[in-house]
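The structure appears below as structure tokens.
The values are calculated or read from the model by the stated rules, or taken from the named source; none is laboratory data. Predicted, not measured: the structure shown is a model, and the values here were computed from it. All Cβ positions, glycine included, derive from the backbone under ideal geometry; neighbour counts span all protein chains shown. All accessible areas refer to the heavy atoms of the entire protein, side chains included, with ligands and DNA or RNA removed. Shrake-Rupley method; radii C 1.70, N 1.55, O 1.52, S 1.80 Å.
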Amino acid sequence: MRKLFALLLIALLMGVGLIAIIETDPGYVLVTYGSYTLETSLWIGLVLLFVLIWVIYLLIGFLRRVLGSHRVFSGWMHSRQHEKAMRLTNQGLLHYIEGDWQRSRKELMRGASESEAPLVNYLLSARASANLGDQEQVEAQLLAAADASKDAKTAVALTRAEIQLEAGSYRQAVRSLEEAKRNPGRYPRAMSLLKKAYIESGDAHGLAQLLPKLKKHQLISNDERLALERDLYGRMLREAGNSLDEVNETWHKIPASIRSDSNMIQAFAGLLVSLGGNAQAEKVILKELRNRWDTALVRLYGYVESDDAGRQLGHAESWLADHPEDPELLLCLGRLAARDKLWGKSRDYLEQGYRLHRTAENCAELGRLLDALGDHSVAAAYFREGLLLQEGQLPALPKPEKMVPQAQLLARK
């Protein structure tokens, strides 16, 4: 109580003193602005200044509240747009998976317009347009995807290449992947697409350049690589089959590991024979048969036209001791004996092969030989049987009531 009384007394004394000061010298304040003039005492001016500062303070507080509310509103609107974009994108994705390309594209494009990261929307929309056959929209959406992100160049190229591959535009797909294939370790998907494009387009040389990169970056299994190499180099050999020089040049470009493959040796020897390189073909066949028995090469040996048919027949007959019941060897011997004009021996070998395994080819050779020897009726029987063997899928049909007597046994006992 005493403290309150003392404070009131002090305040009263200060007020009396302030009034005394104001009455003694009220002061003078003059403010001019253009043609306007404001005159007042110092103390009234101080009061007005205080009121002005207070009004400015209130105005600043009001503006802060208004702007803060606007930011909250903007954030709310942004959140609403983001949720809408996500909802449209999810719906578009679901319809894409379901195969409803029209609805999928519409929702994905609407989602892209509301999204801050529309790249995925544009890429999927391009795929949907491709499934609709709308190539113009495909390109438009791929360009939009490229504009949406500066880092989307490779993703756009891969998407474009996949769409082109599905459409069968293999050459265009290779061009789309030119940039990505320069860095195979970074873009393994591009390498897989290039492999498919080269295989489907039959580009053997492009695939030959790609295979070492696939192997280096472990983008292909050993089994798949070997299968591709066999097919690739076999195709290159066939494409080079216009002259012996081209065939030999291509053969020496093939890796040694592939040249040792039996199928490749068969293809090489077959090309040599077809182009008249009989001497070289004989060397290749005999060298391979010294290492391993290969019935396909034995059969091919019967096509080799040697300058010394007797010597060639002797080589083939030396194999009989180890392979007495090989039909392909007997067919080969029959042909070589005929080339050496040993007609009886040729017939013996061909008939032995016929008894072991009847084939249309064996019947044709027997028919040709016997027809030349004047035994036309038996030759005709062989030709007839060979034709029936070749057309083994004939349907069952009824036979005439008047049967033709059975022909004599073809092969001699």
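Solvent-accessible area assigned to carbon and sulfur over the stretch 343-404 amounts to 57 percent, based on a 1.4 Å probe.
Using θ = phi - 60° in the Karplus curve 6.51 cos²θ - 1.76 cosθ + 1.60, the 3J(HN,Hα) couplings for the stretch 103-110 round to 5, 4, 4, 4, 6, 5, 5, 5 Hz; x is entered for Gly and Pro. Our note on the geometry: Cα centres of the stretch 134-190 and the stretch 199-268, 28 Å apart. Partner lysines whose Cα lies under 16 Å from the Cα of Lys215, excluding those fewer than 8 positions away in the same chain, are identified as Lys181, Lys195, Lys196. For the stretch 314-379, a crude dipole built from +1 on the beta carbon of Lys and Arg and -1 on the beta carbon of Asp and Glu, taken about the Cα centre, is about 220 debye to the nearest 20. Counting only protein heavy atoms and a 1.4 Å probe, tell me what percentage of the stretch 106-219's accessible area is made up of carbon and sulfur. Here carbon and sulfur together make up 46 percent of the probe-accessible area.
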